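*Asks:* Take a look at the following structure, please.
The values are calculated or read from the model by the stated rules, or taken from the named source; none is laboratory data. As the structure is a prediction and not an experimental result, all values here were calculated from the model. For neighbour counting, all protein chains shown are included, and Cβ atoms are generated from backbone atoms with ideal geometry for every residue, glycine included. The area values use the complete protein model at the heavy-atom level, side chains included, leaving out ligands, DNA and RNA. Shrake-Rupley method; radii C 1.70, N 1.55, O 1.52, S 1.80 Å.
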Amino acid sequence: MKREACGSLRGKDAGRRVTLAGWVHRLRDLGGLTFVDLRDASGIVQLVFRDLPAARKLSREDVIRIQGSVARREAPNPDLPTGEVEVVVERLEVLSRSKPLPFPVDADEPRASEETRLRFRFLDLRREKMQRNLRLRHKVSLAIRNYLNGQGFIEVETPYLTRSTPEGARDFLVPARLEPGKFYALPQSPQLFKQTLVISGVERYFQIVRCFRDEDLRADRQPEFTQLDLEMGFLEDPDELFSVIEGLVAHIFREAIGVELDVPFPRIPYAEAMLRYGTDKPDLRFGMEIADLSDLFRDCDFRVFTGAVAEGGVVRALPVPGAAGKSRSELKKLEERAKGLSLGGLAWAKFTPEGVNSPIAKFTSEELLRKAAEEAGAGKGDLLLLAAGPAEAAAEALGTLRLELAHELGLIRENAWALAWITDFPLFKLDEEGRIASEHHPFTSPHPDDIPLLETEPLKVRARSYDLVIDGVEIASGSIRIHRRDLQERIFNLLGLSEQEARKKFGFLLRALEYGAPPHGGIAFGLDRLVMMLAGESSIREVIAFPKTASGTCLLTGAPAEVDPGQLAELPLEVKPD
Ligand code: ASP
């Protein structure tokens with residue numbers, strides 16, 4: 001359509017005749033004079049209608065085309081890029097009418113329930129903030145493609161109709177009409193294809209790709225979500241990948257939001273993260289590091305502590321800056337909270353100018369508590385929380401309290417962008433039935449030093465895996481892979497997969513590993529979450545054009561839906577009535 005961009009008009013255009021088209025964003029009718037804010041993708045400009053009766057019949061979100069002359073405004077609007085001018089309309093043509101709106105689209109904050117917004121997503125997306133989010137997402141994708149292209153990566157598409165790719169979730173299945181009784185699985189990730197690609201000679205692969213995981217409802221999960229998936233051949237050491245990814249992430253931040261990140265990002269082994277922060281996704285925007293004081297309290301007179309240590313457990317301390325003023329009832333609440341976090345109890349010590357104040361001082365001695373404070377980095381005015389018990393329980397509870405208290409005390413700066421690599425995760429975990437399961441996925445390489453422990457102490461084996469964490473959120477995860485068939489078979493074996501099963505499920509990978517597979521490794525980013533963080537949003541649904549609800553329905557289209565009996569008969573499938 002022959003038209004100019006509404007958002008492009010400036011003072012220098014005064015006097016020009018223009019044709020514009022767009023939506024009626026806002027409308028003010030002052031009798032003989034009607035003002036309309038006209039909006040298209042480029043922005044908004046003010047129109048003035050003088051004695052044009054048709055203008056008085058316009059409604060919000062009608063689509064119109066106008067011809068008119070640009071004039072300087074008597075009272076410029078400094079909040080609008082086009083605020084110096086307005087367009088005096090000579091001709092008006094209504095291209096399409098809008099019904100009365102279920103909610104206004106000119107407000108920054110939504111004025112409707114999320115359900116209504118999703119049902120009328122075509123209106124919700126017209127809101128400036130949603131347009132901004134879509135554009136930001138596009139910028140991130142573009143930055144990724146440009147940067148990786150410059151580093152010699154190529155984007156290769158992998159199939160959506162495929163076999164199961166295990167990432168620990170349930171598969172979405174698609175019945176195969178041409179082979180009745182058989183099913184495709186939608187990929188949980190392109191893991192096996194990207195490894196195959198590297199073995200095929202694509203040394204640097206990436207893909208911005210949809211993944212599908214049929215998980216039970218958890219807040220802010222989508223059954224289909226987008227990954228930036230990446231794999232590199234001839235990679236032996238995670239550090240080689242880290243520097244590529246650090247360059248990429250720095251580029252994304254620069255291009256998308258104009259932030260310069262410090263590289264390299266700190267590297268923290270998993271065991272150290274669990275000890276110092278009580279979690280494998282530490283929020284490093286603030287201090288409050290947990291200290292292990294088991295040795296200090298091993299021989300004191302406080303039986304709760306000595307008992308825990310004697311049983312192989314730990315005593316750990318969390319310094320809480322400036323919290324020595326907490327009242328008895330506030331501390332009581334903290335103790336209750338700790339109980340809710342599977343800790344038997346929580347001890348505390350306040351360090352005030354008057355001295356140490358703690359109900360356990362009479363057992364441990366003030367002197368010991370002062371030493372504890374020193375080791376944990378707590379000073380005057382601070383509170384020290386002490387937990388005893390099994391290492392995992394103490395870590396988890398203090399990790400949770402660390403976060404909650406930092407929020408409560410206002411210690412967390414929003415978007416301070418604290419990035420870190422967490423490395424050397426355990427290779428295995430125990431699943432709900434107490435069986436050995438992969439912590440990441442079964443293609444992850446064990447740490448070379450720990451290979452001798454595989455059969456004897458599998459839970460002690462470290463993986464050559466890593467996560468990238470931003471502000472306490474896991475944003476990417478990957479590993480060096482197994483590139484030798486014998487080791488891959490050994491791992492399948494440990495996971496309780498018979499040779500036959502392994503061949504049936506992953507035969508093509510095993511075969512490929514026999515024909516010259518270079519050492520390789522990679523990573524995948526949760527792109528929705530990354531864009532969400534860059535946009536300063538708190539839900540990924542705000543950065544996905546057409547998201548599903550928490551229960552997996554698309555309120556716009558009504559998916560999932562029943563299908564025609566004829567379609568089922570063709571598959572052939574039958575739905576049991578109940
Ligand atoms: N496929 C893995 C995932 O989706 C990522 C990777 O190992 O590269 O988590």
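*Asks:* Hey, which of these cross-link pairs are over 24 Å Cα-Cα: Lys429/Lys505; Lys281/Lys350; Lys281/Lys326; Lys182/Lys504? Walk me through the numbers on the way to the answer.
*Replies:* Numbers: Lys429/Lys505 21 Å; Lys281/Lys350 28 Å; Lys281/Lys326 28 Å; Lys182/Lys504 14 Å.
Those over the limit are Lys281/Lys350; Lys281/Lys326.
*Asks:* Using only the alpha-carbon atoms, what does the range 452-578 span along each of its principal axes? Please give whole angstrom values in decreasing order.
*Replies:* For the range 452-578, the Cα extents along the three principal axes come out at 54, 47, 30 Å.
*Asks:* Give the peptides 542-549, 223-230 in descending order of average Cβ contacts within 10 Å, highest first.
*Replies:* Details: 542-549: 18.4, 223-230: 21.9.
Top of the packing list down: 223-230, 542-549.
*Asks:* When ligands, DNA and RNA are left out and all protein chains stay put, how many square angstrom of accessible area per residue does the chain have with a 1.4 Å probe? Write down the numbers at each step before the final one.
*Replies:* Working: 28820 Å² over 578 residues.
About 50 Å² of surface per residue is accessible.
*Asks:* Over the Cα atoms of the range 129-199, what radius of gyration and what Dmax do you get, in Å?
*Replies:* 16.7, 47
*Asks:* Assigning unit charges at the beta carbon (Lys, Arg +1; Asp, Glu -1) and nothing else, what dipole magnitude in debye, to the nearest 20, does the chain show about its Cα centre?
*Replies:* Values: 79 positive and 90 negative charges, 509 e Å.
For this selection, approximately 2440 debye.
*Asks:* For a quick size check, give me the Cα extents of the range 340-382 along its three principal axes, largest first, whole Å.
*Replies:* 32, 21, 17
*Asks:* Label-point separation (nm) for Glu179 and Ser551, each offset 7 Å from Cα along Cα-to-Cβ?
*Replies:* 3.6
*Asks:* Once you put a point 7 Å from the Cα of Phe103 and another 7 Å from the Cα of Ser342, both along the Cβ direction, what distance in nm separates them?
*Replies:* In this crude spin-label approximation the distance works out to 3.8 nm.
*Asks:* Once phi is turned into θ = phi - 60°, what whole-Hz ³J(HN,Hα) does the Karplus curve with 6.51, -1.76 and 1.60 give for every residue of the range 219-231, x standing for Gly and Pro?
*Replies:* Computed from phi, the couplings for the range 219-231 are 4, 6, 10, 10, x, 10, 8, 10, 10, 8, 10, 8, 8 Hz.
*Asks:* Binning at 20 Å from 0, report for the chain what percent of all alpha-carbon pair distances ends up in each bin.
*Replies:* Reading upward from the zero bin: 16, 38, 32, 12, 1.
*Asks:* Sticking with this structure for a sec: At 1.4 Å probe size, with the rest of the protein present, what percent of the exposed accessible area of the chain is carbon and sulfur atoms?
*Replies:* Values: 14550 of 28820 Å².
That share works out to 50 percent.
*Asks:* Moving to a separate point now. Can you pull the Kirkwood radius for the range 11-129, inverse mean 1/r over Cα pairs, to one decimal in Å? Don't jump to the answer; show the numbers that get you there.
*Replies:* Details: mean 1/r = 0.0668 Å⁻¹.
Taking the inverse mean of 1/r over all distinct Cα pairs, the range 11-129 comes out at 15.0 Å.
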